[in-house]
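Here, each number is a calculation from the coordinates, and none is a lab measurement. The shown structure was predicted, so the numbers you read here are calculated from the model rather than taken from an experiment. Cβ sites come from the backbone with ideal geometry, for glycine too, and all protein chains shown count toward neighbours.
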Amino acid sequence: MSTLDVFEPAMCCPSGVCGVDVDPVLAQFGADLQALAEAGVTVQRHSLSHAPQAFAAHPEVLRELQAGVERLPIVVVDGRIASTGVYPGKLQMMRLLGLPISTADKPHIKLGACGCAPGQC
């Protein structure tokens, strides 16, 4: 099975989901990583403030970081950089990992959801 490493900016706690102002993007990202781990993916998160040695041990990540901290987060799949600068969604990560996407994981669009009257859209 694949390995997914996430190299993140310095945060107050390893998950980034702490304090009174929880970032909903980080909360969703954490849930998505948990779902991937439950599907058999080896997931590791590395915060610049808690695991700087992980950054130093990965030459490509270190090179990206030297280009600027705005390159974080850096998502690495099986040792290769797959994404920089954004927290990808679950579907994006599944694609990066080459995992099959079930019907339940695909986005659903309801007919008429645009607010138009039938035949008017």
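Per the listing Val41, Val25, Val76, Val61, the residue uniquely touching a residue at least 40 places away in the same chain (Cβ under 8 Å), closer than 24 Å to Leu99 by Cβ and surrounded by fewer than 14 Cβ atoms within 10 Å (Cβ to Cβ) is Val25. Among the residues of segment 10-50, those that are under 15 Å from Ser83 (Cβ atoms), among the hydrophobic types (A, V, I, L, M, F, W, C) and assigned to a helix (DSSP H, G or I) comprise Val25, Phe29, Leu33, Leu36.
When Leu99 is tested against the conditions (1) exposed (fewer than 15 other Cβ atoms within 10 Å of the Cβ); (2) under 22 Å from Met1 (Cα atoms); (3) more than 12 Å from the chain's Cα centre (by Cα), the lone failure is (1). For segment 64-73, a residue qualifies if it is surrounded by fewer than 20 Cβ atoms within 10 Å (Cβ to Cβ), of a type outside the set (A, V, I, L, M, F, W, C) and within 16 Å of Met11 (Cα to Cα), and the qualifying residues are Glu70, Arg71. Looking across Phe7, Phe55, one residue alone is assigned to a helix (DSSP H, G or I) and in contact with a Leu (Cβ under 7 Å, 6 or more places away or on another chain). It is Phe55. For segment 58-86, a residue qualifies if it is assigned to a strand (DSSP E or B), of a type in the set (A, V, I, L, M, F, W, C) and in contact with an Asp or Glu (Cβ under 9 Å, 6 or more places away or on another chain), and the qualifying residues are Ile74, Val75, Val76, Val77, Ile81.
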